[in-house]
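Peer 1: Take a look at the following structure, please.
Every number here is computed from the coordinates shown, using simple stated rules; none is lab data. Keep in mind it's a predicted model, so treat the numbers as computed, not measured. So basically every Cβ, Gly included, is an ideal-geometry build from the backbone, and we count neighbours across all protein chains shown.
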Amino acid sequence: MGILSILLAACAGERPANLGAKDGRLAACPTSPNCVSSQADDERHRIAPLAFNGDPDGAFARLKQLLARRKDTTVIEEKSGYLRVELRTTFFVDDCEFLLDRERQVIQVRSASRLGYSDLGKNRSRLEEIREQFVTLPPGG
């Protein structure tokens, strides 16, 4: 195994065991600034959920279609109304979750870096990019 492969594996870190939706909630963000969540209570970590109108299942299918088109995204777990993906940058892996909230007509989101303290805003900017793509992707498109 080359040195670059070893370094890349070290930057990926281990998959967290505490993820997954429980009682309609995603895991809380740690105190470090490298996490954002639409269910966070504090402004430092809070990000808006993905809002939609109409059919919740259609909206979630649209999100899955959008994520499938992204080169930086790998689906790790998929259940009814829940999706967990890994989002990769050149050296790092972030864990991202999406939870369908039918009552509020939103998709709750959480994205966190596996390693380090600061992500220089990458999780927030990436989710805002996904939000923009979600809003502009036509149903079935």
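Peer 1: Determine which lysines satisfy two conditions relative to Lys71: a Cα distance under 24 Å, and not lying fewer than 8 residues away in the same chain.
Peer 2: Lys79, Lys122
Peer 1: Let me ask something else. Over all distinct Cα pairs, what is the inverse of the mean 1/r for the chain, reported as the Kirkwood hydrodynamic radius in Å?
Peer 2: Computed over Cα pairs of the chain, the Kirkwood hydrodynamic radius comes out at 15.5 Å.
Peer 1: Taking N as the number of residues in the range 69-131, what is its alpha-carbon radius of gyration divided by 2.2 N^0.38 Å?
Peer 2: 1.14
Peer 1: Evaluate the charge dipole of the chain about its Cα centre and quote only its size in Debye, nearest 20, assuming +1 on the Cβ of each Lys and Arg and -1 on the Cβ of each Asp and Glu.
Peer 2: With Lys and Arg at +1 and Asp and Glu at -1, about 220 debye.
Peer 1: Shifting gears a bit: Straight-line reach from Lys64: which aspartates and glutamates have Cα under 18 Å away, leaving out those fewer than 8 places along the same chain?
Peer 2: Straight-line reach from Lys64, under 18 Å: Asp55, Asp72, Glu77, Glu78, Glu86, Asp94, Asp95, Glu97, Asp101, Glu128, Glu129, Glu132.
Peer 1: Extending each Cα 7 Å along its Cβ direction at Ser125 and Ala68, get the distance between those two points in nm, one decimal.
Peer 2: Distance between label points: 2.9 nm.
Peer 1: Using 1/(1 + (r/R0)^6) with R0 = 22 angstrom and r between the beta carbons of Lys79 and Ala48, what's the FRET efficiency to the nearest 0.05?
Peer 2: Once rounded, the FRET efficiency stands at 0.40.
Peer 1: Okay, next question. Among Phe91, Phe60, Phe52, which one moves the most in a GNM of the chain with springs linking Cα atoms closer than 10 Å?
Peer 2: Of Phe91, Phe60, Phe52, the most mobile in the Gaussian network model is Phe91.
Peer 1: How would you rank 103-112, 21-30, highest first, on the average number of other Cβ atoms within 10 Å across their residues?
Peer 2: Most protected by this proxy first, the peptides run 103-112, 21-30.
Peer 1: Which semi-axes, in whole Å and largest first, does the equivalent ellipsoid of the range 26-89 have when worked out from the alpha carbon gyration tensor as the square roots of 5 times its eigenvalues?
Peer 2: Semi-axis lengths for the range 26-89 are 22, 17, 11 Å.
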